Amino acid sequence: MWKGLEASCLTVEASSGHRILDCVSLRVEPGQVLLVAGPSGSGKTTLLRSLAGLADRVFGLRVSGRVRVNGTPLDRARPGT
């Protein structure tokens, strides 16, 4: 059962030290829809990659903050949970 998605003070920096996202927090409850909109280069893709756990593992960005999927911290979440 879907319990939601939560991010608390999600901050992402490039290896150069450039801060791409600065303390972004959000909560998506079951039944809600989230729209991510903004101009080119504003961090939309970085936000989605961070929520999926890819920004640091695949793209080498420094990520801090907390992401929970279905109430489970992203680093412990498993497919199907």
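Here is how the numbers come out for the structure above:
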quantity	calculated
Distance in nm between pseudo-label sites at THR72 and LEU26 (7 Å out along the Cβ direction from Cα)	2.2
Sequence of SER50, SER8, SER42, SER25 from largest to smallest accessible area, 1.4 Å probe	SER25, SER42, SER8, SER50
Assigned charges on the beta-carbon of Lys, Arg, Asp, Glu; the chain dipole about Cα centre (debye)	180
Region 1-77, accessible surface, carbon-and-sulfur percent (1.4 angstrom probe)	53
Among VAL58, MET1, PRO30 the positive-end extreme of the charge dipole of the chain (Cβ point charges)	MET1
DSSP loop trypsin sites (Lys or Arg not before Pro) with at most 16 other Cβ within 10 Å excluded, longest remaining stretch of the chain	4-56
Label-to-label distance, nm, for residues given as ALA37 and VAL58 (7 Å Cα→Cβ offset)	2.6
Value at 222 nm in deg cm²/dmol, rounded to 500, when DSSP H runs of n ≥ 4 in the chain each add -39,500 (n - 2.57)	-2500 deg cm²/dmol
Region 21-67, accessible area per residue, ligands and nucleic acids excluded (1.4 Å, Å²)	67
Where only C-alpha atoms are counted, convex hull volume of the chain per residue in Å³	90
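The values are calculated or read from the model by the stated rules, or taken from the named source; none is laboratory data. Given the structure is predicted, the values throughout are model-derived calculations rather than measurements. FYI the Cβ positions are ideal-geometry reconstructions off the backbone, even for glycines, and counts take in every protein chain you see. What goes into the accessible areas is simple: the full protein's heavy atoms, side chains included, and nothing from ligands, DNA or RNA. Shrake-Rupley method; radii C 1.70, N 1.55, O 1.52, S 1.80 Å.
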